[in-house]
1. Could you tell me which residue of region 14-64 is modelled with the lowest pLDDT, considering only residues that are assigned to a helix (DSSP H, G or I) and among the β-branched types (Val, Ile, Thr)?
2. Scan region 149-161 and report the pairs whose first residue is over 21 Å from residue 134 (Cα atoms) and whose second residue is part of a loop (DSSP other than H, G, I, E, B), with Cβ atoms within less than 8 Å and a gap of 6+ or a chain change.
3. Filter region 111-124 down to the residues that are part of a helix (DSSP H, G or I) and exposed (fewer than 13 other Cβ atoms within 10 Å of the Cβ) and list them by number.
4. Could you give every pair whose Cβ atoms fall below 7 Å, whose first residue belongs to region 79-105 and is on the phi > 0 side of the Ramachandran plot and surrounded by 22 or more Cβ atoms within 10 Å (Cβ to Cβ), and whose second residue is among the small types (Gly, Ala, Ser) and not in a loop (DSSP other than H, G, I, E, B), counting only separations of at least 6 or pairs across chains?
5. State whether the residues of region 249-259 include one that is surrounded by fewer than 20 Cβ atoms within 10 Å (Cβ to Cβ), in contact with a helix residue (DSSP H, G or I) (Cβ under 7 Å, 6 or more places away or on another chain) and more than 25 Å from residue 163 (Cβ to Cβ).
6. One residue is enough: does region 134-147 have a residue meeting the conditions touching a Pro at 6+ places or on another chain (Cβ under 6 Å), surrounded by 12 or more Cβ atoms within 10 Å (Cβ to Cβ), in contact (Cβ under 8 Å) with a residue 40 or more places away in the chain and aliphatic (A, V, I, L, M)?
Amino acid sequence: MTAATAAVRAPRRLGDSVFSGAALAGGLLILVALAAVAIFLVAQALPGLTASKSDIQTLSPSATSFWDYVPSLVFGTIWAALLALVIAVPFSLGIALFISHYAPRRLARGLGAVVDLLAAVPSVVFGAWGVVVLAPFAQPFYSFLVTFLGWIPLFAGPVSADGRTILTAALVLAVMIIPIISALSREIFLQTPRLNEEAALALGATRWEMIRMAVLPFGRAGIVSASMLGLGRALGETLAVTLVLSPNLIISFFLLTSDKNPSTIAQNIALQFPDSFGVDVNVLIATGLILFVITFAVNAIARAVVGRRGGGKGI
């Protein structure tokens, strides 16, 4: 570095140093908190990972070990979250496109605020709504599906009499993650270069064709990220699923029955933890470690997909 370069460089201000230090401290704090959670889970989970049949007898009389106990919980967690994601993504993208490219500006502003506020509703409220309103409302439709589509294994009966099924839980989860996915997708769609949209319209494309050729390709990586954030929320949801479903440690793809609904990891921890002691607590924490690994893997896959499809463009 020459003397002239040093003389031209502006002096470092106190505000710049404070902001830089605060940003660095914030980043390090997140890493420290994540490491602390991971260390706690691993340390407390080790006795549970090696638990014998007698150790987990109170949690599951039929399980012979932890690795016989956890598969049904992992299945229920992933199954409910994937069902919710399949339901939520089309609605979320439709809402985001309507707000960003179809609705009048005044309506779009108000509708966007309503969608954002929906994300602030507590999960216990969604769970109560699912039990009191959604389940009874959907039960006749479930009966219709069993009657006419019961030959499909997913819709096989007997139908639940109260509507409290894994499909109802998935619908509640879908409603909970729609605001997350739609809000992020909306902001991504609004960042589409205006010249790209105008060029497509100038070539004679309809509005939908313009969206299909210009908006969706630009926001593809962001849509994947938004969907994975919604999936992460669905994977860890506790109260809403607990209120809707009765716990069963089974692996079942049936959507409309009341006695063949798998439990999720978060639901099982919430129900079992207050009455657990000794190794049972370690077993439950070990299932929490499994959920932590699943969530981490989902986010890692999302980052890999985003990086492969445009290096994070639109995020």
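The values are calculated or read from the model by the stated rules, or taken from the named source; none is laboratory data. Everything numeric here is computed off the predicted structure, so don't read it as measured data. Cβ sites come from the backbone with ideal geometry, for glycine too, and all protein chains shown count toward neighbours.
1. Let us first name the residues in region 14-64 that are assigned to a helix (DSSP H, G or I), namely 14-49.
Of the ones still in play, those that are also among the β-branched types (Val, Ile, Thr) are 18, 30, 32, 37, 39, 42.
Working: 18: 78, 30: 87, 32: 91, 37: 88, 39: 91, 42: 89.
The residue in question is 18.
2. Filtered contacts from region 149-161: 150/156; 150/157; 153/253; 153/254.
3. 113, 114, 117
4. none
5. Checked region 249-259: no residue is surrounded by fewer than 20 Cβ atoms within 10 Å (Cβ to Cβ), in contact with a helix residue (DSSP H, G or I) (Cβ under 7 Å, 6 or more places away or on another chain) and more than 25 Å from residue 163 (Cβ to Cβ).
6. No: region 134-147 contains no residue that is touching a Pro at 6+ places or on another chain (Cβ under 6 Å), surrounded by 12 or more Cβ atoms within 10 Å (Cβ to Cβ), in contact (Cβ under 8 Å) with a residue 40 or more places away in the chain and aliphatic (A, V, I, L, M).
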